Amino acid sequence: MDNKGVLVCGEIAEGKLAPITIELLGVGRKLADELGEELSALLMGSKTGGLGQEAIAYGADKVYVAEDSLLDNYNSDAYTQVAANLCLKVLPSIMLLGHTDVGCDLAPRLNGRLGGGLAMDCLALSVDPATKLLVSTRPVFGGNAHAGMISKSARPQMATLRLKIVPPAERNDSRQGEVIPVEGKIDPSALKVKVVDRIKEEVEGVKLEDAEVVVSGGRGIGSAQNFEMLWELARVLGGTVGATRPACDDGWAPMTLQVGQTGKVVSPKLYIAVALSGAIQHIAGCLGSKYIVAINKDNEANIFSVAHFGIVADHKEILPALTAKFKELLSA
Amino acid sequence: MNIIVCVKQVLDPEIPPAKFKIDPEAKQVIPPPGVPPVISLFDERAVEAACRLKDKQGGTITVISLGPEKASEVVKHAIAMGADEGYVLQDEAFENLDSFGIAYVLGKAIQKIGGYDLVLCGRQSADWGNSQVGSILAEILGIPVITLAGDIEAVDKKLRVKRIVRDGYEVLEAPMPSLVTVSNEIGLPRLPAGVRIMIAARKQVPVWKAQDIGAESSQLDKANAHTEVTSLSVPTRKTECEIVTGDTPGQAAENLAAKLAELL
């Protein structure tokens with residue numbers, strides 16, 4: 001096996017290194033040091049400016065920079081082509097990507113093309129001291145279990161890392177490294193999928209994924225109208241509303257607010273779960289919350305098994321008083 | 001328009017956590033007794049996407065499922081929703097395959113069926129969720145792939161796909177045939193009508209073995225697996241739930257607010 005070194009597939013967002021890339025450089029540095037090998041990074045974009053140097057400051061020994069107008073925005077075919085060609089040249093032992101819009105698409109495609117071994121949405125990455133293999137820990141069954149995965153012989157050993165799992169790498173501008181331009185043009189005949197349009201959707205208030213407080217409701221809320229009570233509490237707390245799959249299926253809340261395995265995974269400071277039982281697929285979406293609060297009239301409801309605080313009562317008797325008290329406390 | 005949809009039968013993700021049990025030695029989940037497995041949620045959306053295209057364009061939908069013979073249940077569910085034909089891919093050699101092995105078997109079955117304009121998969125399975133079979137399958141078939149579709153249209157012999165991204169969506173155009181993985185944003189799957197359920201119940205779902213699709217044993221050899229699971233555990237949560245009380249529900253609510261306000 002000739003594959004050597006750790007390669008981070010970086011992302012550029014609005015002219016800067018994306019936060020996940022800085023996180024990956026930190027993890028990649030650690031893995032590379034444990035292996036006694038090099039850490040390299042790949043940056044793709046139409047203009048990469050001084051970002052190569054910046055990646056070095058964050059820990060890379062070598063940065064491969066691919067500049068092409070076709071790489072301006074993420075294009076699956078173009079990015080796959082460039083990254084696959086580079087991997088065939090550099091032959092990394094480990095390749096790390098972010099579990100982002102880009103990584104979720106690019107990693108499995110690259111893996112399919114390179115014949116590597118890929119673990120998606122990883123929560124931890126380490127090197128087994130005995131075998132020197134990458135051990136990737138990832139959630140399975142909607143996060144109800146964790147699986148450790150390895151690739152004995154397939155290379156590269158690939159992983160996408162979930163956002164904000166590790167702290168960003170420390171910047172050290174005195175670090176030395178090499179920025180290497182990637183040679184070769186993109187073969188336009190291999191670009192089969194055309195990007196026709198990109199639409200940014202504006203959301204009212206705070207985005208579910210970014211909210212510090214999420215007030216979620218389940219089928220026990222009873223109606224779309226009753227969801228208004230959750231909105232009131234969310235507004236007082238500067239947060240937003242989430243919902244379970246059944247509540248979304250019933251049209252009480254828009255699909256974009258669905259929390260769970262089939263919806264969004266959120267990790268706010270405070271997650272208030274109202275009148276929802278806590279199916280494994282829902283809990284999978286909120287387990288990362290700092291504090292989980294359950295309000296349910298059924299004291300046997302599963303949500304209490306993951307909650308830090310709970311009230312056993314009908315939510316209709318609780319929410320108005322809770323909202324009023326928060327209003328009083330937060331304005332004081 | 002001829003569509004092939006890959007579906008998987010999985011443990012019902014709507015079970016309560018208390019029923020979720022694993023065998024850490026075997027690195028397997030122990031299915032709770034009395035809870036029937038279901039079609040993986042995203043795969044059901046993929047069937048829905050196929051049905052919508054068929055409603056508009058006509059054509060056929062063929063469903064394949066790699067799994068035990070019992071997986072004919074999810075194939076029949078898809079037929080009840082509107083699919084025309086279905087096959088189960090079952091063989092001892094197909095058990096516990098990694099993503100490459102699964103994609104290889106699906107690819108062999110798809111090549112046997114042939115004549116397709118579109119292959120659909122769910123964006124990930126609801127159980128192991130490896131989230132890569134669709135993309136590997138597209139590489140094997142040598143066709144373009146679009147992941148995380150929230151809507152699929154066929155316009156002028158081309159596919160127009162809305163790909164869901166974090167802050168909105170992209171509109172992508174792909175030639176046919178292509179492979180598309182479907183996300184839940186596509187919307188709710190239809191409830192099968194009674195008459196379709198009858199049709200599905202009577203439908204024969206042939207079982208294809210390795211030799212029926214020409215799957216080579218060297219490709220299915222576990223020694224050549226690209227990935228393997230080395231451990232399976234249920235994360236321990238040290239949460240003690242503090243039940244907040246009060247003389248009245250209103251008082252309990254106020255006590256809770258006071259506690260939380262300190263933490264925020």
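In table form, for the structure just shown:
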| read-out | value |
| --- | --- |
| Cα-based shape type of the protein assembly as shown, given that a ≥ b ≥ c are square roots of the gyration tensor eigenvalues and the cut on a/c is 1.5 | oblate |
| Of the DSSP H helices in chain B, those whose Cα atoms cover at least 18 Å axially and whose Kyte score averages 0.5 or more | B:99-113 |
| Relative contact order (percent, whole number), chain B, Cα cutoff 8 Å, 6+ residue spacing | 23 percent |
| Residue pairs, from the table A:Lys269/A:Lys325; B:Lys21/B:Lys70; B:Lys162/B:Lys203, whose Cα atoms sit over 24 Å apart | B:Lys162/B:Lys203 |
| Pairs beyond 18 Å (Cα-Cα), from B:Lys56/B:Lys76; A:Lys47/A:Lys200; B:Lys27/B:Lys222; B:Lys56/B:Lys158; A:Lys89/A:Lys132 | B:Lys56/B:Lys76; A:Lys47/A:Lys200; A:Lys89/A:Lys132 |
| Signed unit charges on C-beta, dipole axis of segment B:2-224, positive-most listed residue B:Leu137, B:Met81, B:Tyr169 | B:Met81 |
| Restricting segment A:284-332 to GluC sites (Glu not before Pro) in coil, as DSSP defines it, with at most 13 other Cβ within 10 Å | A:Glu300 |
| Rounded to the nearest 20 debye, dipole of the protein assembly as shown from Cβ charges on Lys, Arg, Asp, Glu | 620 debye |
| Interchain or long-range residues, amide H under 5 Å from B:Tyr87's placed H | B:Val63, B:Ile64, B:Ser65 |
| Dipole of the protein assembly as shown [Lys/Arg +1, Asp/Glu -1 at C-beta], most positive-end residue of A:Ile272, A:Val8, B:Leu179 | B:Leu179 |
| Theoretical FRET efficiency, 1/(1+(r/R0)^6), r = Cβ-Cβ of A:Thr131 and A:Glu183, R0 30 Å, to 0.05 | 0.30 |
| From phi via Karplus (6.51, -1.76, 1.60), per-residue ³J(HN,Hα) for segment A:208-225 in Hz, x at Gly/Pro | 3, 5, 9, 5, 7, 10, 10, 10, 10, x, x, 4, x, 5, x, 6, 4, 4 |
| Set of segment B:59-83 residues, backbone N closer than 20 Å to the point 7 Å along the Cα-Cβ line of B:Ala193 | B:59-62, B:76-83 |
| Residue order, fewest to most beta carbons within 10 Å, for A:Met149, A:Met158, A:Met44, B:Met176 | B:Met176, A:Met149, A:Met44, A:Met158 |
| Magnitude of the charge dipole, chain B, Cβ model with Lys/Arg +1 and Asp/Glu -1, debye to 20 | 700 debye |
| Debye, to nearest 20: dipole size of segment A:213-331, +1 on Lys, Arg Cβ, -1 on Asp, Glu Cβ | 340 debye |
| Segment B:1-67: relative contact order in percent, alpha carbon pairs under 8 Å with at least 6 residues between | 56 percent |
| Per residue, the convex hull volume that the Cα atoms of chain B enclose (Å³) | 192 Å³ |
| Distant-in-sequence amide H partners of A:Gln261 (H built 1.01 Å from N, under 5 Å) | A:His282, A:Ala284, A:Gly285 |
| Exposed-loop-free span, longest in chain B, where trypsin sites (Lys or Arg not before Pro) count as exposed if DSSP calls them loop and at most 15 other C-beta atoms lie within 10 Å | B:1-156 |
| Helix-only [θ]222 nm of chain A, DSSP H runs n ≥ 4, -39500 (n - 2.57) each, per residue, nearest 500 | -8000 deg cm²/dmol |
| Cα gyration tensor, segment A:118-206 - rounded (a/c under 1.5), prolate or oblate | rounded |
| Three-way shape label, segment A:31-127, alpha-carbon gyration tensor, a/c 1.5 | oblate |
| Label-point gap, in nm, between A:Glu212 and B:Ser217 - each point 7 angstrom along Cα→Cβ | 6.3 nm |
| Neighbour-count ranking [beta-carbon atoms within 10 angstrom, fewest first] of A:Met255, B:Met198, A:Met229 | B:Met198, A:Met255, A:Met229 |
| Sparse-neighbour loop sites [trypsin sites (Lys or Arg not before Pro); segment A:285-326; at most 14 other C-beta within 10 Å; DSSP] | A:Lys290 |
| Ranked B:Ile164, A:Ile94, A:Ile180, criterion: other C-beta atoms within 10 Å, fewest first | A:Ile180, B:Ile164, A:Ile94 |
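Computed from the coordinates by the stated procedures, all read-outs in this text should not be read as laboratory data. Owing to the predicted nature of the structure, the values given are computational and were not obtained by experimental measurement. Glycine gets a Cβ as well: all are built from the backbone with ideal geometry, and neighbour counts include every protein chain shown.
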